Amino acid sequence: MHRRRLIVLAVLFVASAVAYMTIGARGNWGFVLEFRGAKLAALCLVAVALSTSTVLFQTITQNRILTPSIMGFDELFVLIVAMGVFVFGMTDYLLVTSWVQFVVSLVLMTGASMLLFGTLLLQERPDLMRMILTGLVLTVLFRSLRTLLVRMLDPNEFSVVQVSSYARFHQIETGLLAIAAVTIGAALVGAWAMRHRLDVLSLGREAAINLGEDVRRGTLQVLFLIGVLVSVATALVGPTAFLGLLVVSIAHAVTPTGRHAVLLVSAALISATTLVGGQALLERVFGLVTPLTVVIDLAGGVLFLVLVMKGLKR
């Protein structure tokens, strides 16, 4: 049953990719294919990175409400950018090549996320509401520190930080495509290699220990992969608050299974179809009257409230 649904999802993704590449295309096809192909590849990388990181995060937290974005990963990335501009100044910051900024942000964010969230998730009995509140507190803390820093910047320096704080699917950093593809590819290989261990970790701490899984080691490995995937995706398009929650919730509805070999593929195809198809529709048909991130955040925000209310009623 899941195989047929995955085939349908793959067909929908191919159709959305063809629509993105061909709708409104005129002139030199060599230029069109190169220009749109780079953006299509970047959208697919971001989509797979965000869906996979959300599946991994929900596995180690054993709930379907929390995502890396809700727990403050995106705000942490923007705070790192603000600190870079504040410490080195806009001129020196922009003189550093984009791939050096990318590597430094990747290392800092991965280390900080493992330190902050590893301490929280490695508790013997993590509490859901306390984790949500902790995520909200961390988000507000990172945002407040960023606001404090940008108040001491001049308008030009402020604009550099401001650009990094919003999702921009129509203006992707294609110059980072090669290093992003290698980094995300390595992380996806790691996640796929752990798919059977993820099935065990999703059963809960006690069950996983009884089945011989090293929960502490597995959690830290998953946090490392999440930090890498989120930081690369955020470097390419900026923070995307509710995309992961939205597409993974749809994946659970379309392919209801605990097997990560199915769930990872299903979530990736739905995420890629949502980003590529949505961007094709809003950019090529409606002329970017409404940014895709507004539609995603609206739908994801409503879904988040529904899930929280359902959880409170139980």
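The values are calculated or read from the model by the stated rules, or taken from the named source; none is laboratory data. Remember, predicted model here, so these are calculated numbers, not experimental data. Glycine gets a Cβ as well: all are built from the backbone with ideal geometry, and neighbour counts include every protein chain shown. Only protein heavy atoms, including side chains, enter the accessible area calculation; ligands, DNA and RNA are left aside. Shrake-Rupley method; radii C 1.70, N 1.55, O 1.52, S 1.80 Å.
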field: For the chain, size of Cβ-based charge dipole, Lys and Arg +1, Asp and Glu -1, in debye
entry: 940 debye
- prompt: Classify the stretch 208-287: rounded, prolate or oblate, from the alpha-carbon gyration tensor (a ≥ b ≥ c, eigenvalue square roots; a/c under 1.5 rounded; otherwise prolate if a/b is larger than b/c)?
  reply: oblate
task: State which helices in the chain qualify, where a helix is a whole DSSP H run, it must extend 18 Å or more along its own axis by its Cα atoms, and its mean Kyte-Doolittle hydropathy must be at least 1.6.
output: 73-95, 98-121, 177-193, 215-237, 292-313
message: From the helices alone, meaning DSSP H stretches of at least four residues, give me the mean residue ellipticity at 222 nm for the chain, per-run term -39500 (n - 2.57), in deg cm²/dmol to the nearest 500.
response: -26000 deg cm²/dmol
task: Run the accessible area of the chain with a 1.4 Å probe and give the carbon-and-sulfur part as a rounded percent.
output: 68 percent
query: Residue separation times 0.36 nm, minus the C-alpha to C-alpha distance between residue 104 and residue 257: what's the value?
result: 51.3 nm
message: Give me a comma-separated list of calculated 3J(HN,Hα) values for the stretch 196-208, in order, Karplus coefficients 6.51, -1.76, 1.60 applied at θ = phi - 60°, integers in Hz, x for any Gly or Pro.
response: 6, 5, 5, 4, 6, 4, 5, 6, x, 4, 5, 5, 5
- request: If a/c stays under 1.5 just call it rounded; otherwise compare a/b with b/c (prolate if a/b is bigger, oblate if not). Do that for the stretch 1-107, with a ≥ b ≥ c from the square roots of the Cα gyration tensor eigenvalues.
  value: oblate
message: Using a Förster radius of 51 Å, what is the FRET efficiency between residue 285 and residue 216 based on their Cβ-Cβ separation? Nearest 0.05, please.
response: 0.55
message: Suppose all protein chains stay in the model; what accessible area per residue would a 1.4 Å probe give for the chain, in Å²?
response: 48 Å²
